[in-house]
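Notes follow the structure.
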Amino acid sequence: MNRHAQAALTVCGLLAILILSLLAFGLPIGKSLSLIFQGAFGDPYAWSRTLGKTTPLILCGLGVVIAWRAGLYNIGGEGQFVLGALMSACWAKWLVMPGWGYAGILALLVASCVGGALWAAIAAWLYIKRGVEAVISTLLLNFVAIQLLEYAVSGPLQEAKRQVPQTDGLAETLMLAKFNPQADLHYGVVVAVLVAVGVFIYLFRTKDGFRLRVVGDNPNVARANRFPTSAIQFRSLMLSGGLCGLAGGVELLGITGYLGKGFPQQLGFLAIPVALLAGLHPLWVLLSAFYFGALFAGTQNLASFTPAGTTLVYVIQGAAVLGLVGLRYWTRRPRRSEAD
Amino acid sequence: MLEVRNVAKSFGPLRALDDVSAVFQAGEIHAVLGENGAGKSTLMHVMAGFLKPDSGAVLLRGLPIPLGSPFECRRLGIGMVHQHFTLVPNFTVAENLALAQMDSLNGPMNPSVESAKAASIAEKLGWEFDLGSRVSDLSVGSQQRIEIVKALAGEAKVLIFDEPTAVLTPDEVLDLFRVLKSLKEAGKAVVLIAHKLSEVMAIADRVTVLRRGRWVASAPIGDVSVAQLAEWMVGELPEASVKTPANPGNGRVVAQNLRVLGDRGEVAVKGASFEIRQGEIVGFGGVDGNGQVQLAEALAGLREGKVIQFEGIWANPEPAYIPQDRQTHGLALGMSVEENLLIGGLANSELSTGPFIKVKEVQRWATNLIHTFAIKVENASDIASSLSGGNQQKIIVSRTLDRRPEFLVVVNPTRGLDIRATEYVHEKILQAREGGTAVALFSTDLDELSLLSDRTYFMSRGQLMESMNAGLGASGT
């Protein structure tokens with residue numbers, strides 16, 4: 001099967017999954033699809049919501065791509081996302097002054113990368129020094145991260161009034177600029193697209209990225225050729241965490257402006273199907289993140305008119321992963337290599 | 001007994017089998033010969049039901065058997081011993097034997113009862129199994145014995161062996177041959193795929209040769225010569241590589257009382273002393289698992305072994321390494337041919353600027369390598385796993401030798417390769433030697449050692465046993 005047929009099949013499959021999910025929820029297909037479409041692309045505000053959701057998904061998706069390409073199944077995007085935002089919030093509270101302007105924004109974004117990377121470094125250390133599978137450690141660290149968030153927003157980081165478990169809002173000067181003050185869309189989307197191009201160049205045009213992919217495909221080969229395999233694994237998991245953390249920082253500085261318990265919204269988990277749908281390719285992540293972003297925005301609209309709610313996104317997310325696994329089974333069945 | 005009639009099978013555009021017919025008699029050892037990609041394995045898989053041919057029929061005692069149903073074939077008495085074993089590594093020997101006896105996944109299971117018959121068969125063949133030990137702890141040779149017993153326990157009338165000797169030591173090969181003969185005497189039809197003509201001449205009663213998916217010839221072994229067989233297989237006679245006397249240079253790799261630790265911290269190499277001069281090939285032979293791999297890895301700089309020195313005009317040469325198993329240590333199978341070549345090309349400063357890879361330059365360089373080393377591939381972007389074993393090995397050899405290494409460490413470079421690919425790899429190693437490379441050749445194949453090395457050591461339990469000159473008394477092919 002060639003790549004075009006595969007792409008077409010993927011698109012049809014995703015549409016079919018959407019329709020089947022609607023059927024399962026007992027919703028009228030035509031009306032629901034139109035509500036979803038309206039919510040995602042109906043007017044400039046809908047577009048803005050879609051792209052606003054797309055932005056953190058791109059960044060987290062890229063984070064997943066890097067780790068998985070290195071053979072480390074990082075499913076801790078959620079925790080790294082949270083820790084990135086937490087680190088940003090800490091710096092905003094104690095270090096970065098509102099008067100810093102652009103330098104302040106830059107500092108907070110750097111903080112989010114650092115936060116995510118350090119969180120992932122725990123899993124990386126466990127993997128390399130203790131042989132703990134990254135799947136397990138990153139997954140479990142998600143729950144720790146969420147507890148940490150809840151502690152922080154009702155403890156050290158809580159707002160000055162101490163009424164609601166959330167942080168104070170960021171100063172307006174430290175927020176990412178918006179294209180339209182009333183809408184969600186902010187300049188973080190530009191950052192995300194640039195990072196995607198950067199990750200593409202890194203993975204496919206640099207020696208370092210090439211070594212990373214060799215390690216991911218077969219670490220034995222990397223070792224036999226004296227690549228610093230452990231260092232590469234450590235670095236790639238930190239890089240992955242850094243990007244997921246950046247997503248958290250961008251979400252904080254671009255959309256919410258404060259941290260509360262409901263901050264993460266499972267975007268870090270959603271990043272996994274985003275990366276898989278993109279075939280672990282950084283540029284396709286742009287498209288698949290857009291699909292899930294649109295679905296998110298669309299189903300929010302659907303939720304306000306029907307009882308389905310945004311649960312639908314998660315149902316579709318799950319179904320899409322299963323569908324992709326199935327598709328892989330069909331297209332990547334190992335060809336029997338002749339007489340070897 | 002078993003007859004194949006006009007069988008054809010294609011994989012995509014590749015015609016693996018093209019109108020092949022052959023008859024396999026009871027009480028006969030029938031060798032099927034051919035190069036990599038000649039269709040031998042495909043034919044065996046069709047006969048044992050693992051592949052459904054596009055057309056043609058397989059007859060057992062004149063009756064057509066169901067095609068593409070391995071379970072039915074086994075029930076009818078066609079057993080197969082696979083090249084890549086079909087054992088569950090984490091199961092015990094008894095559990096593996098019992099697994100082969102189960103006709104359904106339902107119901108209770110009692111491995112000691114179900115494996116009893118297989119165990120008694122093993123006893124008749126003169127083998128003793130420790131039924132309670134885990135398969136992953138056993139040597140490759142023992143694993144193969146389990147495979148054979150598994151196949152026999154199904155009351156097999158026809159037994160198909162897919163390259164059984166490729167993984168065995170010389171002693172194990174002799175034992176296997178003894179068993180093959182006793183199977184023949186018991187009236188079974190034995191079908192054997194083999195690469196080495198000397199083995200075929202020693203054991204087979206009849207040969208069939210395939211070339212590029214087509215039937216070339218069948219004949220009783222008494223009527224053919226090695227030269228004739230080689231010509232049938234390849235189409236023309238390969239030229240034997242001629243070795244000139246060694247012309248050693250000044251640089252030397254010196255090991256003094258070298259100790260190397262294995263994976264579990266055991267002392268795998270116990271104080272080895274030797275030297276390898278520039279421009280010579282030093283062979284390391286011996287039965288698998290006596291510390292060769294650990295010594296090779298230490299020489300290649302992958303394992304701690306502090307007592308290696310480089311003397312003479314050298315300033316610490318970077319060793320180039322051709323590892324033992326191309327699929328687990330040699331290739332990133334999910335990546336393209338070009339990328340697999342680049343694994344060796346990263347050190348080449350012409351292929352990158354700063355941290356960046358020069359994509360165009362790499363393409364040109366890879367195409368050039370593919371051309372000079374005659375790697376059979378349609379496109380440099382093809383996935384490495386889609387290549388045949390010989391071509392996979394060529395990727396590794398080409399990217400390693402392209403660097404013109406001063407010191408080369410090679411482990412079993414031709415295991416599982418056909419005549420032509422073997423010749424080719426040998427020639428390249430000899431060329432490296434002519435060019436002044438110091439070569440450490442680890443091989444379990446005596447023919448290979450006597451053909452290539454200037455001096456040979458043998459390893460036994462981590463110690464270097466004796467040093468011999470080239471041309472030890474192994475029968476050449």
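The values are calculated or read from the model by the stated rules, or taken from the named source; none is laboratory data. This structure is a prediction, so every number in the text was calculated from the model and none was measured. Neighbour counts run over all protein chains shown; Cβ positions are idealised from the backbone, glycine included. Surface accessibility is based on the protein's heavy atoms, side chains included, excluding ligands, DNA and RNA. Shrake-Rupley method; radii C 1.70, N 1.55, O 1.52, S 1.80 Å.
Using a Gaussian network model of chain A with C-alpha springs under 10 Å, which one of A:PRO44, A:PRO28, A:PRO56 is most mobile by mean-square fluctuation?
A:PRO28
Considering only Cα-Cα distances, which of the following residue pairs are longer than 19 Å: B:LYS124/B:LYS188; B:LYS40/B:LYS196; B:LYS124/B:LYS181; B:LYS157/B:LYS196; B:LYS150/B:LYS196; A:LYS53/A:LYS161?
The pairs that break the limit, which is 19 Å between Cα atoms, are B:LYS157/B:LYS196; B:LYS150/B:LYS196; A:LYS53/A:LYS161.
List the residues of the stretch B:270-302 for which accessible area in the full set of protein chains is at least 50 Å² lower than for the chain on its own; 1.4 Å probe, protein heavy atoms only.
Buried-area filter returns B:LEU302.
To the nearest Å, what is the center-to-center distance of the stretch A:114-153 and the stretch B:355-418, using C-alpha atoms only?
The two parts, judged by their Cα centres, are 40 Å apart.
Would you calculate, for chain A, the mean residue ellipticity at 222 nm contributed by helices, counting each DSSP H stretch of 4 or more residues as -39,500 (n - 2.57) and dividing by all residues, to the nearest 500? Don't jump to the answer; show the numbers that get you there.
Details: 13 runs with 243 residues, N = 340.
-24500 deg cm²/dmol, from helical runs alone.
Over the protein assembly as shown, with the other protein chains present, what is the accessible area per residue in square angstrom, probe 1.4 angstrom?
For the protein assembly as shown, the per-residue accessible area is 43 Å².
Whenever you get a sec, compute what percent of the accessible area on the stretch B:252-474 sits on carbon and sulfur atoms (1.4 Å probe).
Accessible surface attributable to carbon and sulfur in the stretch B:252-474 totals 46 percent.
Along each of its three principal axes, how wide is the spread of alpha-carbon positions in the stretch B:2-234, in whole angstrom units, largest first?
Dimensions of the stretch B:2-234 along the principal axes of its Cα atoms: 49, 38, 31 Å.
Per-residue accessible area for A:TRP47 at 1.4 Å probe radius, Å² rounded to 10?
110 Å²
Which order do you get for B:PHE129, A:PHE296 if you rank them by accessible area with a 1.4 Å probe, largest at the top? The partial results should precede the final answer.
Details: B:PHE129 50, A:PHE296 5 Å².
Descending accessible area places them as B:PHE129, A:PHE296.
Using a 1.4 angstrom probe and counting only protein chains, how large is the accessible area of A:ASP217 in Å², to 10?
Answer for A:ASP217: close to 60 Å² accessible.
Between A:PHE25, A:PHE81, A:PHE210, find the one with the highest GNM mean-square fluctuation for chain A; connect C-alpha pairs within less than 10 Å.
A:PHE25
Give the accessible area for B:TYR424 in Å² (nearest 10); use a 1.4 Å probe, count only protein heavy atoms, and leave out ligands, DNA and RNA.
Its heavy atoms expose roughly 40 Å² to the probe.
May I ask you to work out the translational diffusion coefficient for the stretch A:213-306 at 37 °C, viscosity 0.692 mPa s, via Stokes-Einstein with Rh from the Kirkwood sum over Cα pairs, reported in whole µm²/s?
D, rounded to a whole number, is 207 µm²/s.
Would you mind checking the tilt of helix B:170-185 against the longest principal axis of the Cα atoms of chain B, expressed as 0 to 90 degrees and rounded to 10?
Helix B:170-185 sits roughly 10 degrees off the main axis of chain B.
If the viscosity is 0.692 mPa s and the temperature 37 °C, what translational diffusion coefficient in µm²/s does Stokes-Einstein give for the protein assembly as shown when Rh comes from Kirkwood over Cα pairs?
Translational D for this selection: 108 µm²/s.
Take the alpha-carbon positions of the stretch B:1-125, form their convex hull, and give its projected area averaged over all directions (one quarter of the hull surface) in nm². Please list the in-between numbers first.
Working: hull surface 38.8 nm².
For the stretch B:1-125, the mean projected area of the Cα convex hull comes to 9.7 nm².
Tell me, in nm to one decimal, what length is gained between B:VAL113 and B:HIS84 on full extension, where the rule is 0.36 nm per residue of separation less the Cα-Cα distance?
So the extension gain works out to 7.8 nm.
List the DSSP H helices in chain A whose Cα atoms stretch 18 Å or more along the helix axis and whose mean Kyte-Doolittle hydropathy is at least 1.6.
Membrane-span-like by this criterion, though nothing is claimed about a membrane: A:3-24, A:134-154, A:188-205.
Report the extension gain between A:ILE19 and A:LEU322 in nm, rounded to one decimal, defined as 0.36 nm multiplied by the number of residues separating them, less their alpha carbon distance.
On the way: separation 303, 0.36 × 303 = 109.08 nm, distance 1.53 nm.
Stretched fully, the A:ILE19-A:LEU322 segment lengthens by 107.5 nm.
Pairs of Cα atoms under 8 Å, at least six residues apart: use those to get the relative contact order of the stretch B:2-234, whole percent.
The normalised contact order for the stretch B:2-234 reaches 30 percent.
Any idea what angle helix B:359-372 forms with the longest principal axis of chain B, computed on alpha-carbon atoms, 0 to 90 degrees, nearest 10?
The angle comes out at about 70 degrees.
Provide the percentage of antiparallel DSSP beta bridges, counting only those with both residues in chain B; round to the nearest 5.
Numbers: 41 of 75 bridges.
That works out to approximately 55 percent antiparallel.
Under 37 °C and 0.692 mPa s, how fast does chain A diffuse according to Stokes-Einstein, given a Kirkwood radius computed over C-alpha pairs? Answer in µm²/s, whole number.
Diffusion coefficient, whole number: 159 µm²/s.
Based on DSSP, what percent of beta bridges with both residues in the stretch B:2-234 are antiparallel, to the nearest 5?
Close to 55 percent.
Arranged from highest to lowest average of other beta-carbon atoms within 10 Å per residue, in what order do the peptides A:169-180, B:58-69, B:206-217 appear?
B:206-217, A:169-180, B:58-69
Determine the total buried accessible area between chain B and chain A, counting protein heavy atoms only with a 1.4 Å probe; round to the nearest 100 Å². Show your work: numbers first, answer last.
On the way: alone 22050 and 16270 Å², together 35490 Å².
Chains B and A together bury approximately 2800 Å².
Once you average over the residues of B:325-332, how many Cβ atoms of partner chains fall within 10 Å of each Cβ? Walk me through the numbers on the way to the answer.
Working: counts 2, 2, 5, 4, 7, 5, 5, 10.
Rounded to a whole number, the mean comes out at 5.
Give me the base-10 log of I(q)/I(0) for chain B at each q in 0.07, 0.11 Å⁻¹, Debye formula, one uniform scatterer per Cα, rounded to two decimals.
-0.41, -1.00
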